[in-house]
Amino acid sequence: MSEDFIPVPPGDAAATAARDGWQPLPPRARTLFLLANGAGWGGLALASLVPIGLLLPTPLPALPVAVASLLLLPAWGLWLAVRRYRHTRWLLDDTGLGYRRGRMWHVETRVPRTRVQHVDLKHGPLERRFRLATLVVHTAGTRDSAVAVAGLDADVAARLRDLLAQQVDDDDDDAGTA
């Protein structure tokens, strides 16, 4: 067994990701995810009151179903937001940018540095409030030609943008000398 080996308790995804070089989102991103998902699922709960009122015209079944909708749908959204935050990671290494999300439907996206066309930063009002940003990496090709990593610390996102953009500039310089 090598001396670099660090035992990780089963199910400790954060420790496993950290050992592999995958970086978690900052804690402020969890608040942003909670607000966005809570508002979205809360709006859906409010919208569900119309069909509940139309399909269940008597107060006895309609009221408990409406209350359950108003409580359970936003709670479900908040639970999903926490899980989304907990299972989102990013990585920048010599080969390019990696982005992992999900647990049940695990998605891992790798963008090789050689495929990066240009890089953008997006800062919505809530992201600015929490000093977060969304890094958008546009790639060569037409299928899934952009990868957006939401919830990054604004300073980290700016550094990632600069590093990826520097690679694009270096590749352009190398192509001009050939």
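The values are calculated or read from the model by the stated rules, or taken from the named source; none is laboratory data. The structure presented is a predicted model; accordingly, all values stated were derived computationally and were not measured. Cβ placement follows ideal geometry from the backbone for every residue including glycine, while neighbour counts extend to all protein chains displayed.
Of all the residues that make up the stretch 106-135, how many are part of a strand (DSSP E or B) and of a type outside the set (K, R)?
In the first step, residues of the stretch 106-135 are kept if they are part of a strand (DSSP E or B); the result is 107-112, 116-122, 132-135.
Now drop any that are not of a type outside the set (K, R), which leaves 107-109, 111-112, 116-121, 132-135.
Selection size over the stretch 106-135: 15.
Within the stretch 104-161, how many residues turn out to be among the basic types (K, R) and within 25 Å of L35 (Cβ to Cβ)? Let's see the steps before the verdict.
Residues of the stretch 104-161 that are among the basic types (K, R), as a first pass: 110, 113, 115, 122, 128-129, 131, 143, 159, 161.
Among the residues that remain, those that are also within 25 Å of L35 (Cβ to Cβ) are: 122, 128-129, 131, 161.
Going through the stretch 104-161 one residue at a time, the tally reaches 5.
Please determine, by comparing only the residues of the stretch 110-126 that are in contact with a Leu (Cβ under 7 Å, 6 or more places away or on another chain) and more than 10 Å from L164 (Cα to Cα), which one is surrounded by the fewest Cβ atoms within 10 Å (Cβ to Cβ).
Among those that are in contact with a Leu (Cβ under 7 Å, 6 or more places away or on another chain) and more than 10 Å from L164 (Cα to Cα), it is L126.
Based on this model, can you work out whether R100 counts as within 30 Å of A133 (Cβ to Cβ), crowded, with 16+ Cβ neighbours inside 10 Å, of a type in the set (D, E, K, R) and touching a His at 6+ places or on another chain (Cβ under 8 Å)? Full working, then the answer.
Values: within 30 Å of A133 (Cβ to Cβ): yes; crowded, with 16+ Cβ neighbours inside 10 Å: yes; of a type in the set (D, E, K, R): yes; touching a His at 6+ places or on another chain (Cβ under 8 Å): yes.
Taking the combined requirement at face value, the residue satisfies it.
For the stretch 47-64, which positions are surrounded by 15 or more Cβ atoms within 10 Å (Cβ to Cβ) and farther than 22 Å from N37 by Cβ?
Answer for the stretch 47-64, where residues must be surrounded by 15 or more Cβ atoms within 10 Å (Cβ to Cβ) and farther than 22 Å from N37 by Cβ: L56, A62.
With the condition kept exactly as written, say whether any residue in the stretch 9-23 is out of contact with any helix residue (DSSP H, G or I) (no Cβ under 8 Å at 6 or more places or on another chain), at pLDDT 95 or above and either loosely packed, with under 14 Cβ neighbours inside 10 Å or more than 25 Å from W90 (Cβ to Cβ) (or both).
no
Give the residues of the stretch 55-91 that are of a type in the set (A, V, I, L, M, F, W, C), outside any helix (DSSP H, G or I) and at pLDDT below 95, sorted by residue number.
As a first pass, look at the stretch 55-91 and keep what is of a type in the set (A, V, I, L, M, F, W, C): 55-56, 60, 62-63, 65-68, 70-73, 75-76, 78-82, 90-91.
Of the ones still in play, those that are also outside any helix (DSSP H, G or I) are 56, 90-91.
Scanning the stretch 55-91 gives a single hit, L56.
Check A178, A158, A146 and return the single one that is surrounded by 11 or more Cβ atoms within 10 Å (Cβ to Cβ) and either at pLDDT below 95 or within 22 Å of R86 (Cα to Cα) (or both).
On the way: A178 fails: surrounded by 11 or more Cβ atoms within 10 Å (Cβ to Cβ); A158 fails: either at pLDDT below 95 or within 22 Å of R86 (Cα to Cα) (or both).
It is A146.
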